[in-house]
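Here the structure comes first, spelled out in structure tokens, and everything after it is commentary.
The values are calculated or read from the model by the stated rules, or taken from the named source; none is laboratory data. If you're wondering where the values come from, they're calculated on a predicted model, not measured in any experiment. Here the Cβ positions follow ideal geometry from the backbone for every residue, glycine too, while neighbour counts run over all protein chains shown. Accessible surface areas use protein heavy atoms only, side chains included; no ligands, DNA or RNA. Shrake-Rupley method; radii C 1.70, N 1.55, O 1.52, S 1.80 Å.
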Amino acid sequence: MISHPSRHCTVELQALPSRIGQVRRIVSAQLRYWHMDPLIDRAALGVTELLSNVHRHARPDKSCTVELELAPDRLTVSVRDHDPRLPVLADAAHLLAAAPLATCGRGLAMVAAVSESWGARPDGENGKVVWFTLSAPTVARPHPAHTPRRTTEPRPEPVPVRSTVPVAASAPVSAAASLPVAPVPAGTPVRAGTPVGAAAPVASVAHAPAVSGVQAPARSAVPG
């Protein structure tokens, strides 16, 4: 069973070799989720040593609980089992001489080497807790993108545009100016009420009788 609130993770398991590798992957994934990548290698190595001790020494069973707790300044990794006997730190120099290239089996000496602090305490009458701490690095959290507030700017007033090309004024044209004016012969009397320059009336055309099949030309008579 795995439960992991925002800053806490607990894994219950049997401390068997096949499960230890699985717990290492769980611890690594949880630290990535917390953005604690610089602590992954040391935390995985420390929890492997503690689980290996449970597998080799714990009695009467191998049931245990791994717990991760992240505080603002440190990470605490602890392993709880059902054996009340507290572990004893072996001679680190002797272990290094016996197996200088071993990645496990060094127990608390390896835990002490990779951690800032470590310890063990009884857990009731039938159990104990072994723990170690790592200093948590400062993680720069990205700030949310700032969206500038949109402001409404006043619109500029329209500027009147003056034309630099002079426009010729058109004079009014009377209806009479558009009509053709017939010239008036000199000496022609003008009747009262007749405008000067008006066209003189034209008399009707008289048709002369045709003589010998020849039609006489029509003449226009201007009344006196």
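Taking residues in region 115-139 that are closer than 9 Å to LEU86 by Cα and among the aromatic types (Phe, Trp, Tyr), and partners anywhere that are in a loop (DSSP other than H, G, I, E, B) and modelled with pLDDT of 95 or more, not one pair has Cβ atoms closer than 6 Å while being at least 6 places apart or on different chains.
How about region 96-143: which of its residues are among the charged types (D, E, K, R), under 23 Å from ARG32 (Cβ atoms) and either modelled with pLDDT of 90 or more or touching an Asp or Glu at 6+ places or on another chain (Cβ under 6 Å) (or both)? Outline the logic, then answer.
Restricting attention to region 96-143, the residues satisfying the condition of being among the charged types (D, E, K, R) are 106, 116, 121, 123, 125, 128, 141.
Adding the requirement that they be under 23 Å from ARG32 (Cβ atoms) leaves 116, 141.
Matches in region 96-143: GLU116 only.
Has region 2-18 got any residue that is among the polar types (S, T, N, Q), part of a strand (DSSP E or B), open to solvent by 30 Å² or more (accessible area, probe 1.4 Å) and at pLDDT 95 or above? Scanning region 2-18 turns up no residue that is among the polar types (S, T, N, Q), part of a strand (DSSP E or B), open to solvent by 30 Å² or more (accessible area, probe 1.4 Å) and at pLDDT 95 or above.
Number of residues in region 49-80 that are touching a helix residue (DSSP H, G or I) at 6+ places or on another chain (Cβ under 9 Å), without any contact (Cβ under 8 Å) to a residue 40 or more places away in the chain and open to solvent by 10 Å² or more (accessible area, probe 1.4 Å) equals 0.
Here THR76 meets the list (1) in a strand (DSSP E or B); (2) modelled with pLDDT under 95; (3) not charged (D, E, K, R) almost entirely, failing just condition (2).
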